Number of protein chains: 2
Amino acid sequence: MAMVKEKEQNTKDKKLLVGVIWNFSAELKLTFMALLVLCTLATLLPFIPSSFSLSTSDFRFCISRFSSAIPVNTTTTTTTVEESSSSSPDRVLDNGVIKRTFTGYGSAAYNFVSMSAYRGGVNSFAVIGLSSKPLHVYGHPSYRCEWVSFDPTQDPISTTGSKILTDWGYGRIYTTVVVNCTFSSISAVNPQNSGGTLILHATTGDPNLNLTDSIPVLTESPKSVDFNLYNSTKKKYDYLYCGSSLYGNLSPQRIREWIAYHVRFFGERSHFVLHDAGGIHEEVFEVLKPWIELGRVTIHDIRDQERFDGYYHNQFMIVNDCLHRYRFMTKWMFFFDVDEFLHVPVKETVSSVMESLEEYSQFTIEQMPMSSRICYSGDGPARTYRKWGIEKLAYRDVKKVPRRDRKYAVQPENVFATGVHMSQNLQGKTYHKAESKIRYFHYHGSISQRREPCRHLFNDSRVVFENSPYVLDTTIRDVGLAVRTFELRTIGDRLLRTRQ
Amino acid sequence: MAMVKEKEQNTKDKKLLVGVIWNFSAELKLTFMALLVLCTLATLLPFIPSSFSLSTSDFRFCISRFSSAIPVNTTTTTTTVEESSSSSPDRVLDNGVIKRTFTGYGSAAYNFVSMSAYRGGVNSFAVIGLSSKPLHVYGHPSYRCEWVSFDPTQDPISTTGSKILTDWGYGRIYTTVVVNCTFSSISAVNPQNSGGTLILHATTGDPNLNLTDSIPVLTESPKSVDFNLYNSTKKKYDYLYCGSSLYGNLSPQRIREWIAYHVRFFGERSHFVLHDAGGIHEEVFEVLKPWIELGRVTIHDIRDQERFDGYYHNQFMIVNDCLHRYRFMTKWMFFFDVDEFLHVPVKETVSSVMESLEEYSQFTIEQMPMSSRICYSGDGPARTYRKWGIEKLAYRDVKKVPRRDRKYAVQPENVFATGVHMSQNLQGKTYHKAESKIRYFHYHGSISQRREPCRHLFNDSRVVFENSPYVLDTTIRDVGLAVRTFELRTIGDRLLRTRQ
């Protein structure tokens, strides 16, 4: 096996090897033919244009599999089988020691699953993907980035990629990896705008499978880069919402309320990016459609990531893709869920609040936990059932708990990678005391039930339900009518017959 | 990609496909050529004799890698690039949704690493190896065994393999798997002794990489099986020692003492199997050599398993290989370490003790913790330094602790898989109260220091050293002279100049 591998590097030995192996058996001849074909292809590969997405290592991998499948004792003369009845290929060495062998088969996890790559500035890039979790816990995988220009007079340049693991402690078979590649020695990558390809060289660093996969992750066609984008303070949007992976049997009515509420809340210069991991089924799509048509909502279908078993539908990868994809298009970027409703004090507007937070790269947002099962029947039972969820789910959980989850917003140009509850990879200040300026109301468990949410109606300002204390909190309820009116005025009555 | 895969199964579509893809680009032509060659080979493969160890799935794997490397948009007409500057192959669907793609590259862990397979009886086998740890924690890998007879008139038979995970909770990138394959519907596998091959079909069960690797794990040549072995009560040995993985810079003198002590302890009808994971360096080999030459010791060189990152040099795999390899050759099998010394009361012999434990399939052995740094100088300092370690390291740690590790012995025919401190996969009774019959003295930390072990000499029967209480315990010391004499009488003075 070792001999066969060397051959790859040194074709001079080819004839000798052919002689040795050819004499061996008819079976090996066929294997060798296959090897020869693959080696020829591997040799030809570098001459194929770099936009071609099949990497040399793909061939090498196959070749190594072929060669490892040849029994290891083919080049020794005889094998003495030890006292045991096993006919394994173990050999007895001259000193009497039994040399044991171990042969790997198949593949249980990819080295790298590529989702996307984006420019992070004039001379930097971010690559977003998944990688084998234990490889990162126990191994020493490393990354290198190479820029290959379309201009043949330009030499390829390369830099060390620094990996950011955003879901440390959470991965399953896969973990999310953001690779930051900054070419710090030069003022710009692709300065003549002649186009080129960014290649990520991902090395397992594993003594067993120390292979490097070379992955073309981003191609810039000639004249396609607008370098001004990375130095400009003018942004397409003021506020962009990056949603996490949506999955399960979501309620169309709850999503209808959420999107109408927030389109109104954030105003004209905002945009919503939702990620469909199976949750945006046909009826949910119908309530989003009017907003898509108005250009207020973009849906990414990320169902294909389900093939890769990471943490919660690979949500860490998804939010990082969103961060880097829209990083230069918005001043602020918000990360929270579709069962959560942002709110600023009545005397404020979202823009007055955000202006007051401008010195921070990030701020976290305090949670107001709302019941998703008990309702306020101030309008009488019959009228209550016709109300929107946010109008009737008006009881707030006031049980004391040590700590509640927070959500957050960032000025994305200062952020290198992000998480679900906050970013830990950014430059600039983070503010954790914005509760007097902005909060979010969380209707936990409301969005994945397809039925009228009210289980019990109450009229009191304080109730105890299932041993938990609640108080009436009409903060969001009070905006209900305005949101309904806004929806009707903006997209008409298309959604009037939306179901729970 | 899906089309290319279907083609594998249905060659009728071949021409249509060629037409579609051939028009596309010059790059694809080359890829397709490679595919064609691989497919042809894959088609030929079933006609190759089954002893040939390259499985169909190896080809399939390569083919799937080739086809996945073809950009997914080759069969759609155009791809609209979204507002972002990324030139990823994401498509905008008719409904405005952006379809995101995820492409896996390389391999971070094998599906199965095969070490060995042994008969477990007339109609059963055990296969020992490693498999990806997160695959077993989060996925649903499964195993099937197939027996393919050399006699062409015999149809292959197959059975479900039941996997035993012996190091649950301990693995790293890899975990140890013992697959038990019992063909319960028949009285014997290979009944005419015409020979054949056992193939392990290992399926990842992963929606992402649901491939089956077909691994020939054991070949029986015609007339090679002695079926009487599996029904006989006559064994080659009474006692067989299965050592765990030996690694690090071990002390030759400590190993010299250990092997001489235990060859004497177990007597003529015993054998020692040691596993070299790097610990049996040249000087250690020298002290074992006389015993190897006498046929008392067998060394397995298992250094190659270091390539696979499992728990502590894959010791769980190693002890299971030893269990199954020697299962029908010995009445009792012992599992403990080379810094541990077994002892039975002076009035007993090992055989009288073992006879009294015969009704148990397994018994565990209590630990006597000995200091590896403070020595008894009853012979005076000058003579003390010339003594063996077991003669001078005579102080026992009497600190109260909730529980000390145990070691164990089994009657291996009743055991299906084993661990390091005991087996949890066996039939029959386990006995935990053998402390009056047999114990082990543990000189923790003594074997991997290459210097005189005594740091301090004492004469008292009770001492306190570094805040821990010790008592003088001469149990092993008292046997010292007898062991030295035994060694000299059995192998001569070859080891007199052994160094620490």
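The values are calculated or read from the model by the stated rules, or taken from the named source; none is laboratory data. Computed from a prediction, not measured in an experiment: that's the story for all the values here. All Cβ positions, glycine included, derive from the backbone under ideal geometry; neighbour counts span all protein chains shown. Calculation scope for accessible area: heavy atoms of the full protein, side chains included, ligands and nucleic acids excluded. Shrake-Rupley method; radii C 1.70, N 1.55, O 1.52, S 1.80 Å.
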Item to check | Where a label projected 7 Å from the Cα of B:S162 along Cα→Cβ would reach, residues of the range B:214-248 with amide N under 19 Å | outcome: none
Checklist outcome for this item: Taking every residue of B:290-301, the Cβ atoms of other protein chains inside 10 Å of its Cβ average out to 3
Next on the checklist: On a 19 Å Cα-Cα criterion, which of the cross-link pairs A:K347/A:K437; A:K235/A:K407; A:K133/B:K133 come out too long?
Outcome noted: A:K235/A:K407
Next on the checklist: What does the C-alpha gyration tensor say about the overall shape of the range A:413-490? Classify as rounded when a/c is under 1.5, otherwise prolate if a/b is larger than b/c, or oblate.
Outcome noted: prolate
Checklist entry - Ranked by accessible surface with a 1.4 Å probe, highest first, in what order do A:I318, B:I199 come? => result B:I199, A:I318
Item to check | Between the range A:88-108 and the range B:213-242, the Cα center-to-center distance that results, in Å | outcome: 18 Å
Item to check | Relative contact order (%) - criterion: Cα under 8 Å, at least six apart; region: the range B:288-404 | outcome: 15 percent
Checklist entry - Measuring from a point 7 Å out along Cα→Cβ, what nm distances, shortest first, does A:V92 have to its partners in the other copies? => result 7.4
Checklist entry - To the nearest 0.05, what FRET efficiency results for B:S142 and A:S185 with a Förster distance of 56 Å applied to their C-beta separation? => result 0.60
Checklist outcome for this item: For A:T430, inter-copy label-point distances (7 Å, Cα→Cβ), nm, shortest first, read 4.6
Item to check | Zone residues, the range A:349-380, relative to A:E466, backbone N less than 11 Å from point 7 Å out along Cα-to-Cβ | outcome: A:371-374
Next on the checklist: Whole angstrom only: what separates the Cα centroid of the range A:357-390 from the Cα centroid of the range B:172-206?
Outcome noted: 59 Å
Item to check | For peptides B:120-131, A:429-440, sequence by mean Cβ density within 10 Å, most packed first | outcome: B:120-131, A:429-440
Checklist entry - Listed highest first by mean packing, meaning other Cβ atoms within 10 Å per residue, what order do B:223-234, A:252-263 come in? => result A:252-263, B:223-234
Item to check | Zone of A:D379's modelled label, taken as backbone nitrogen in the range A:478-500 under 17 Å from a point 7 Å along Cα→Cβ | outcome: A:478-489, A:495-500
Checklist outcome for this item: In square angstrom to the nearest 100, the accessible surface buried at the B/A interface, both sides summed with a 1.4 Å probe, amounts to 8600 Å²
Item to check | Partners for B:K99 among aspartates and glutamates (Cα-Cα distance below 15 Å; same-chain residues under 8 apart left out) | outcome: A:D276, A:D301, A:D304, A:E306, A:D321, B:E82, B:E83, B:D90
Item to check | Pairwise FRET efficiency - A:R450 versus A:L294, Cβ, R0 = 41 Å, nearest 0.05 | outcome: 0.95
Checklist entry - What are the distances, in nm and sorted shortest first, from the label point of A:T349 to the label points of the same position in each other copy, with each label point placed 7 Å from Cα along the Cα-to-Cβ direction? => result 10.1
Item to check | Cα centroid of the range B:112-163 to Cα centroid of the range B:250-289, whole Å | outcome: 34 Å
Checklist outcome for this item: FRET efficiency (B:S224, B:K433; Cβ distance; R0 60 Å; to 0.05) is 0.90
Next on the checklist: Between B:D94 and B:R386, what is 0.36 nm times their sequence separation minus the Cα-Cα distance? Round to one decimal in nm.
Outcome noted: 96.3 nm
